[in-house]
Amino acid sequence: MTTRVERAPLAVLGGRPTFREPRHVGAPNVPPAGALERRLAGALRRRRLTNDGPLVQEFEAAVSRRLGVRHCIATCNATSGLMVLARALELSGEVIMPSFTFPGTAHAMRWLGLQPIFCDVDRASHTLDAATVAEAIGERTSAILGVHVWGRPCDTEALGDIAGRHGVELIFDAAPAFDCGRHGVKIGNHGRAEVVSFHATKVLNTFEGGAILTNDDELAERIRPMITFGFVDEDVVVGLGINAKMSEAAAAMGLAQLEQLPATIATNRAHHTRYRARLEELPGVAVVDYPNAAEANFHYVVLEIEPDVAPIDRDMLKRVLEAERVLARRYFFPGCHRMAPYAAERSTAGELPITEWLAARVLQLPTGTALAAEDVEAICTLVSRAFEDAELLRASLS
Ligand SMILES: *Cc1c(COP(=O)(O)O)cnc(C)c1O
């Protein structure tokens, strides 16, 4: 007879939580001590805190160089960047976008009085399905707004063909996709322009921040004054503008983090590899992959949990992890089309079966430099334990 080693129960069943401090999705990556402070001290010495200061200029140049894009216009966040871009392109009427995205994508357009029209996404890539986009284009469509979900770029060629054929703009919410690429071309170079986020939860952060990236000289020239009240010179305002500038403190953080970006991505990649190896052995679990490793930032660990195959469903797993202080997230549940204000508007282009399918299955796990390799192992062990104890969990929690 084999003796079974008694294990402590899962925390959700009364055991002690695995982690004392919560493990968050999107825990910030931070630069080494000194790299930020040194630059901030310079800003204080110069008494130059904002308004296109030397650190913002240095950061913009460094980002442009890294991505191989002609223009980087740093902003206070990606949402403002998207709004300024939409204004600069004089978008009107309807903008086609996925529902399977962060609500900020839709809000940025809706805030300007534009109507988001939600299309379905592709089952494999989780990004806009070009076929449904083509069907949704109508009289009032002025733009297609693709989102590089999980940093995996949209089918930029197919969307470009559709936009060209119908004479509408093509822009991208590249918020999660800094340093990612497609077929050897980094994000920032697709469509008319792309907007990246440097929010605290992103692969590279400036506390809060973003950037509009474009190779269109004329567009960049139009956007520059728009982020600073329309000013082009002292007392000279050339048009409607807003305040969407990046501060020197934010740029200092960005420069400090750029230095360690390769190391950050290497850590993300190691975590992702470890998660995949352990979790894909489990029934009904798929870990979203990055087929072209050289062009990915590996910043997102996303599971798809198949309810009829996995012994417990996504929501129960989330509950089990939460009790262990692993704060997994259901991004992008339930989809923008099921959130206010869009749920009450005529905002979808037909049914969104893949979006609904994904929203019922995805679960995002913590990763990034805040997490140690042992933490990843411990989280994987917890998921395995939850699957092993499925019957007990169902009996106790349902
Ligand atoms: C993070 C994110 C945003 C918002 O970016 P901010 O810089 O916080 O404004 C918008 N869209 C997507 C897809 C995002 O992931």
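Taken over the stretch 154-174, the criterion of being buried (at least 19 other Cβ atoms within 10 Å of the Cβ), within 25 Å of A294 (Cα to Cα) and free of Cβ contacts under 8 Å to residues at least 60 places away in the same chain is satisfied by C154, T156, L159, F172, A174.
Across the stretch 129-178, the qualifying residues are those that are part of a loop (DSSP other than H, G, I, E, B) and under 19 Å from N77 (Cβ atoms), and the one among them that is farthest from the ligand (Cβ to nearest atom) is F178. Among the residues making up the stretch 199-245, those that are part of a strand (DSSP E or B) and either within 27 Å of P31 (Cβ to Cβ) or open to solvent by less than 40 Å² (accessible area, probe 1.4 Å) (or both) are G210, A211, I212, L213, T214, T228, N243, K245. Would a scan of the stretch 71-91 turn up a residue that is under 29 Å from P291 (Cβ atoms) and either in contact with a His (Cβ under 6 Å, 6 or more places away or on another chain) or open to solvent by 30 Å² or more (accessible area, probe 1.4 Å) (or both)? Checked against the condition, which is being under 29 Å from P291 (Cβ atoms) and either in contact with a His (Cβ under 6 Å, 6 or more places away or on another chain) or open to solvent by 30 Å² or more (accessible area, probe 1.4 Å) (or both), the stretch 71-91 yields no hits at all. Among the residues that make up the stretch 187-201, is at least one of them more than 16 Å from the ligand (Cβ to nearest atom) and of a type in the set (V, I, T)? No, there is no match, as no residue in the stretch 187-201 is more than 16 Å from the ligand (Cβ to nearest atom) and of a type in the set (V, I, T).
Residues of the stretch 175-186 that are in contact with a Gly (Cβ under 7 Å, 6 or more places away or on another chain) and crowded, with 24+ Cβ neighbours inside 10 Å: P176, A177, C180. State all residues of the stretch 336-356 that are surrounded by 15 or more Cβ atoms within 10 Å (Cβ to Cβ) and either out of contact with any strand residue (DSSP E or B) (no Cβ under 8 Å at 6 or more places or on another chain) or modelled with pLDDT under 95 (or both); if no residue qualifies, say none. Residues satisfying the conditions are R338, M339, S347, T348, A349, E356. Can you find a residue that is within 30 Å of L261 (Cα to Cα), within 16 Å of the ligand (Cβ to nearest atom) and basic (K, R) anywhere in the stretch 97-115? There is no residue in the stretch 97-115 that is within 30 Å of L261 (Cα to Cα), within 16 Å of the ligand (Cβ to nearest atom) and basic (K, R). If you filter the stretch 105-141 down to residues that are surrounded by fewer than 18 Cβ atoms within 10 Å (Cβ to Cβ) and of a type in the set (K, R), you find that the one that is nearest to the chain's Cα centre (by Cα) is R123.
Take the conditions open to solvent by less than 70 Å² (accessible area, probe 1.4 Å), over 21 Å from L91 (Cα atoms), assigned to a loop (DSSP other than H, G, I, E, B) and touching a residue at least 12 places away in the same chain (Cβ under 8 Å) and apply them to H190. Does it pass? So H190 fails the test. Scanning the stretch 315-329 for residues that are closer than 23 Å to V149 by Cα and open to solvent by 10 Å² or more (accessible area, probe 1.4 Å) returns D315, K318, L327, R329. Considering (1) under 19 Å from the mean Cα position of the chain (by Cα); (2) closer than 16 Å to H126 by Cα, the lone condition that E295 does not fulfil carries the number (2). For first residues located in the stretch 48-62 and open to solvent by 20 Å² or more (accessible area, probe 1.4 Å), partners that are of a type in the set (S, T, Y) and lie 6+ apart or on another chain with Cβ distances below 8 Å form the pairs L49/S247; T50/S247; N51/T228; D52/T228.
Just one residue in the set F387, F332 is in contact with a Phe, Trp or Tyr (Cβ under 6 Å, 6 or more places away or on another chain), among the hydrophobic types (A, V, I, L, M, F, W, C) and either surrounded by 18 or more Cβ atoms within 10 Å (Cβ to Cβ) or not in a loop (DSSP other than H, G, I, E, B) (or both); that residue is F332.
In this structure, Y331 does satisfy being closer than 22 Å to W357 by Cα, at pLDDT below 95 and under 20 Å from the mean Cα position of the chain (by Cα). Restricting attention to the stretch 13-41, the residues that are at negative phi and touching a residue at least 40 places away in the same chain (Cβ under 8 Å) add up to 20.
The values are calculated or read from the model by the stated rules, or taken from the named source; none is laboratory data. If you're wondering where the values come from, they're calculated on a predicted model, not measured in any experiment. Neighbour counts run over all protein chains shown; Cβ positions are idealised from the backbone, glycine included. Surface areas here come from the heavy atoms of the whole protein model, side chains and all, with no ligands, DNA or RNA. Shrake-Rupley method; radii C 1.70, N 1.55, O 1.52, S 1.80 Å.
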